[in-house]
1. For segment 40-51, which residues satisfy the criterion of being without any contact (Cβ under 8 Å) to a residue 40 or more places away in the chain and either within 16 Å of the ligand (Cβ to nearest atom) or outside any loop (DSSP other than H, G, I, E, B) (or both)?
2. Evaluate the following for residue 37: is it in contact (Cβ under 8 Å) with a residue 40 or more places away in the chain, β-branched (Val, Ile, Thr) and assigned by TED's automatic domain parsing to the domain that holds residue 80?
3. Filter segment 171-220 down to residues that are under 21 Å from residue 155 (Cα atoms), out of contact with any helix residue (DSSP H, G or I) (no Cβ under 9 Å at 6 or more places or on another chain), touching a residue at least 40 places away in the same chain (Cβ under 8 Å) and among the aliphatic types (A, V, I, L, M), then give me how many there are.
4. Looking only at residues in segment 112-144 that are assigned to a loop (DSSP other than H, G, I, E, B) and among the β-branched types (Val, Ile, Thr), which one is farthest from residue 88 (Cα to Cα)?
5. For segment 1-39, which positions are among the aromatic types (Phe, Trp, Tyr), in contact with a strand residue (DSSP E or B) (Cβ under 6 Å, 6 or more places away or on another chain) and within 15 Å of the ligand (Cβ to nearest atom)?
6. Would you pick out the residues in segment 73-94 that are among the polar types (S, T, N, Q) and not in a loop (DSSP other than H, G, I, E, B)?
Amino acid sequence: MSKFGLGAWECRFCGKSQIATENNYHIRYNFFSIGETELGPIGMTLSAIRCLNRECNKASISCELNKSVFSDSRGQHVPTGTPIESWRLRPASFATQQPGFIPEPLRNDYYEACLIRDLSPKASATLSRRCLQGMIRDFCKISKARLIDEIKELRKLVDEDAGPKGVETETVDAIDHVRGVGNIGAHMEKDINNIVEVDPGEAQALIELIEMLFAEWYVAREKRRERLRKIETIALDKATQIADLRSQGQGVALSKEPESK
Ligand SMILES: [Zn+2]
């Protein structure tokens, strides 16, 4: 369901978690007075929410098509039952923004997989599968004809404690786990041109796997590099300071170690 509600909420534009209150949240039901359709009386619920992150401040908008029923107590039509259809209008996709240090083709496959998940789960799963393969090739440096063989090779390396840096056993377990969901396993064994039927739930499981791998592989590696860069800068600064002091003849006061010539 794509309708927004009061309470905990995460902005899809900037990724900030926050609480939606009466001040930044709007919902309205609009009954269509067009007579009874094949679905009965219908109407549409429109909801919008404004991001409280000042730098973002974007409006997210979604709507739902509902069956309608007249409420005597409220004297008007109200939506009833589960929505017939729902649309995420803005942003169009539920994808989370991925950082620029993740290779662009991988990010694009992921964004597209998210965009078409409901419209065409099998096309979405095909893109996710290509994205997963791209990640194993780029991050793990494993390249074989079929994705399934690449996963098996990754499993073997990790089990032998020879896995690529930053790849944990739990992550490979998660890949294997998702492989066991519905038709996804068959999808990974087939050639890329072989389209396998999957349902939106299965397509979603693949998308979540990709989001997890982006975080555990690329984001974690970048954080590690960032920390190392900081340490390097600090060490370099210290070395410069020491050298400066020594050139000023204060080196002895700084260090108890004898000067080596
Ligand atoms: Zn935002």
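1. 40, 43, 44, 46, 50
2. No: the conditions fail for residue 37.
3. Qualifying residue count for the region: 1.
4. If we take residues in segment 112-144 being assigned to a loop (DSSP other than H, G, I, E, B) and among the β-branched types (Val, Ile, Thr), then 142 is farthest from residue 88 (Cα to Cα).
5. Correct list: 4, 9, 25.
6. 76, 80, 82, 86
Residue by residue, here is whether (1) farther than 13 Å from residue 9 by Cβ; (2) surrounded by fewer than 16 Cβ atoms within 10 Å (Cβ to Cβ) holds:
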{"position": "19", "(1), (2)": "no, yes"}
{"position": "38", "(1), (2)": "yes, yes"}
{"position": "41", "(1), (2)": "yes, no"}
{"position": "44", "(1), (2)": "yes, no"}
{"position": "49", "(1), (2)": "no, no"}
{"position": "68", "(1), (2)": "yes, no"}
{"position": "74", "(1), (2)": "yes, yes"}
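The values are calculated or read from the model by the stated rules, or taken from the named source; none is laboratory data. Quick caveat, the model's predicted, so the values are computed rather than measured. Don't worry about glycine lacking a Cβ; one is built from the backbone with ideal geometry, like all the others, and counts go over all protein chains shown.
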